[in-house]
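**Q** I have a structure here, written as structure tokens, and I will follow up with some questions on it.
The values are calculated or read from the model by the stated rules, or taken from the named source; none is laboratory data. Remember, it's a predicted structure, so these values are computed and weren't measured experimentally. A quick note on method: Cβ atoms are made from the backbone with ideal geometry, for glycine too, and the neighbour counts reach across all protein chains shown.
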Amino acid sequence: MALPLSGVRVLDLTNVVAGPLASYQFAMLGAEVIKIEVPGSGDLARKMGADPALGQKGMGASFLALNAGKKSLTLNLKDEQGREVFKRLLRAADVVLENFRPGTMKKLGLDYPVLREVNPGIVYCAISGFGQEGPLAQRPSYDQIIQGFCGIMSLTGSEDTAPTRAGYIVCDTMAAMTAAFAVTAALYRRRQTGEGDMIDVSMLDSSLATMATWPISNYLNAGKVPVPMGNENHTASPSGTFRTGSGLLNIVNNEQKQWESLCDVIGRPGLARDPRFADRNARIAHRAELRKLLEEALQARSADQWERLFHEAGVPAGPILGVPDILRHPHLEARELIKRFADAPAVGREIAVTRVGFRFSREQPDVDRPPPALGQDTDSVLRAAGYSGDEIARLRRAGVV
């Protein structure tokens with residue numbers, strides 16, 4: 001059965017994370033993604049990752065993560081012939097995705113007004129740190145820079161350790177998911193109107209939008225300035241990470257029933273009637289006293305034992321796993337989140353990538369080809385666009401492809 005984006009063609013000019021992660025979503029949903037890379041070097045991520053040997057092959061672990069299912073075409077957009085090749089490809093494309101610094105595509109003569117003249121239905125998405133316009137638009141940006149700007153670092157860690165960056169590239173990731181959502185929405189509207197669109201995705205805006213629920217709304221609508229609270233939860237108590245007789249355990253109590261059940265499980269039913277802890281606001285006000293009492297009781301068993309007991313009683317609780325632990329978990333195997341390629345020719349061995357974070361009832365979002373070697377699909381893409389073998393050879397001799 002065809003995946004939802006089967007028949008959609010994406011010209012992907014992006015590098016490293018935010019753009020490639022967005023186009024990876026399209027590939028997993030059935031779109032044809034043509035990754036357009038600089039001849040001789042390609043995506044910077046080809047050199048990045050924890051295995052230097054992979055980087056030397058131009059297949060760095062960072063590149064492998066986000067580029068399965070895509071085709072690689074090398075094309076020099078600084079050359080007039082290269083731009084003409086791009087425009088020819090554009091005529092049969094649905095989406096152009098780029099994450100250059102604002103203004104770069106205009107300098108190349110390939111900005112949205114120009115591309116719209118070639119293909120009025122094109123959906124053009126530009127991902128940048130601060131957006132295409134505004135006082136900060138021309139600033140160079142990486143994930144950690146945006147983490148600092150948007151307030152995430154100011155809230156991560158405890159009062160003693162903040163500011164701390166999040167443990168992964170959260171702002172790049174949010175920009176990618178925002179771009180994927182926006183492009184899909186624009187494609188849906190195009191079905192109704194026939195018109196394309198220009199989408200301006202800002203890493204800063206995308207990150208702030210995900211912070212709306214608690215930090216931003218509490219400040220804008222309740223006047224509460226958010227502060228770093230470590231593993232505590234500013235909206236509920238007890239809710240955080242607790243020391244047990246052996247190991248740490250996450251416990252979350254958002255409902256009164258959960259709190260009362262917790263007290264029963266740990267053998268301290270009287271705590272539920274203590275005026276300091278009787279309701280949500282009282283528990284938040286006395287969270288330090290409550291933590292001390294709970295951790296004294298939790299010393300009686302290990303984290304694993306408490307988790308089983310809490311689960312049976314309907315109290316949300318869970319372990320703190322490392323990445324290797326969760327990747328080996330039977331639940332993950334049952335969900336089929338990890339896709340394995342037994343033979344990835346450009347790498348020379350098996351590789352594994354993640355699928356998207358959802359499933360359909362009728363099919364599994366998936367890709368059928370491993371990440372491509374640099375320029376692996378140049379000839380086939382150009383032939384499909386109508387170039388002859390001689391024309392491709394001339395473009396190659398001229399350094400265009």
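So that you can scan it fast, the table gives a plain yes or no per residue for (1) modelled with pLDDT of 95 or more; (2) more than 30 Å from Phe242 (Cβ to Cβ); (3) among the aliphatic types (A, V, I, L, M); (4) in a helix (DSSP H, G or I):
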| residue | (1), (2), (3), (4) |
| --- | --- |
| Asp304 | yes, no, no, yes |
| Glu307 | yes, no, no, yes |
| Phe310 | yes, no, no, yes |
| Phe341 | yes, yes, no, no |
| Ser361 | no, yes, no, no |
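**Q** If you scan segment 17-64, which residues turn out to be under 21 Å from Tyr168 (Cα atoms), surrounded by fewer than 20 Cβ atoms within 10 Å (Cβ to Cβ) and either under 16 Å from the mean Cα position of the chain (by Cα) or among the small types (Gly, Ala, Ser) (or both)?
**A** The answer is Gly49, Ala50, Gly55, Ala61.
**Q** Could you run through segment 203-260 and say how many residues are in a helix (DSSP H, G or I), under 24 Å from the mean Cα position of the chain (by Cα) and of a type outside the set (A, V, I, L, M)?
**A** 8
**Q** Any residue at all in segment 169-183 that's buried (at least 18 other Cβ atoms within 10 Å of the Cβ), assigned by TED's automatic domain parsing to the domain that holds Val33 and more than 30 Å from Met28 (Cα to Cα)?
**A** Scanning segment 169-183, I find no residue that is buried (at least 18 other Cβ atoms within 10 Å of the Cβ), assigned by TED's automatic domain parsing to the domain that holds Val33 and more than 30 Å from Met28 (Cα to Cα), so the answer is no.
Let's see how each residue does on (1) outside the structural domain of Pro370 (by TED's automatic domain parsing); (2) within 36 Å of the chain's Cα centre (by Cα); (3) in contact (Cβ under 8 Å) with a residue 24 or more places away in the chain:
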position: Val265; (1), (2), (3): yes, no, yes
position: Ala297; (1), (2), (3): yes, no, yes
position: Ala300; (1), (2), (3): yes, no, yes
position: Ala313; (1), (2), (3): yes, yes, yes
position: His329; (1), (2), (3): yes, yes, no
position: Arg340; (1), (2), (3): no, yes, no
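**Q** May I ask you to list pairs of residues, at least six apart or on different chains, whose Cβ atoms are under 9 Å apart, with the first in segment 388-401 being exposed (fewer than 12 other Cβ atoms within 10 Å of the Cβ) and the second being not hydrophobic (A, V, I, L, M, F, W, C)?
**A** Matching pairs, first to second residue: Gly389/Asp379; Gly389/Arg383.
**Q** Out of all the residues in segment 343-401, which are under 25 Å from the mean Cα position of the chain (by Cα), basic (Lys, Arg) and more than 18 Å from Tyr24 (Cβ to Cβ)?
**A** Arg362
**Q** Consider Ala27 against the criteria (1) under 24 Å from Arg349 (Cβ atoms); (2) free of Cβ contacts under 8 Å to residues at least 40 places away in the same chain: it satisfies all of them except one. Which criterion is unmet?
**A** Ala27 satisfies all of (1) under 24 Å from Arg349 (Cβ atoms); (2) free of Cβ contacts under 8 Å to residues at least 40 places away in the same chain except (2).
**Q** Got a number for residues in segment 72-88 being closer than 11 Å to Leu115 by Cα and in contact (Cβ under 8 Å) with a residue 40 or more places away in the chain?
**A** 2
**Q** Among the residues of segment 369-396, how many are more than 27 Å from Gln56 (Cβ to Cβ) and of a type outside the set (A, V, I, L, M, F, W, C)?
**A** The total comes to 8.
**Q** Please state which one of Leu77, Leu90, Leu64 is over 21 Å from Ala344 (Cα atoms), in contact with a strand residue (DSSP E or B) (Cβ under 7 Å, 6 or more places away or on another chain) and assigned by TED's automatic domain parsing to the domain that holds Phe341.
**A** Leu90
**Q** Any residue at all in segment 86-93 that's touching a Phe, Trp or Tyr at 6+ places or on another chain (Cβ under 9 Å) and of a type in the set (Gly, Ala, Ser)?
**A** No, every residue in segment 86-93 fails to be touching a Phe, Trp or Tyr at 6+ places or on another chain (Cβ under 9 Å) and of a type in the set (Gly, Ala, Ser).
**Q** Is segment 147-167 home to any residue that is surrounded by fewer than 17 Cβ atoms within 10 Å (Cβ to Cβ), out of contact with any helix residue (DSSP H, G or I) (no Cβ under 6 Å at 6 or more places or on another chain) and under 27 Å from Val96 (Cα atoms)?
**A** So far as segment 147-167 goes, no, none of its residues is surrounded by fewer than 17 Cβ atoms within 10 Å (Cβ to Cβ), out of contact with any helix residue (DSSP H, G or I) (no Cβ under 6 Å at 6 or more places or on another chain) and under 27 Å from Val96 (Cα atoms).
**Q** For segment 315-339, name all the residues that are in a helix (DSSP H, G or I) and surrounded by 10 or more Cβ atoms within 10 Å (Cβ to Cβ).
**A** Result: Asp325, Ile326, Leu327, Leu332, Glu333, Arg335.
**Q** Counting just the residues of segment 119-159 that are under 18 Å from the mean Cα position of the chain (by Cα) and among the aromatic types (Phe, Trp, Tyr), which one comes out nearest to Val170 (Cα to Cα)?
**A** Only one residue fits best here, namely Tyr142.
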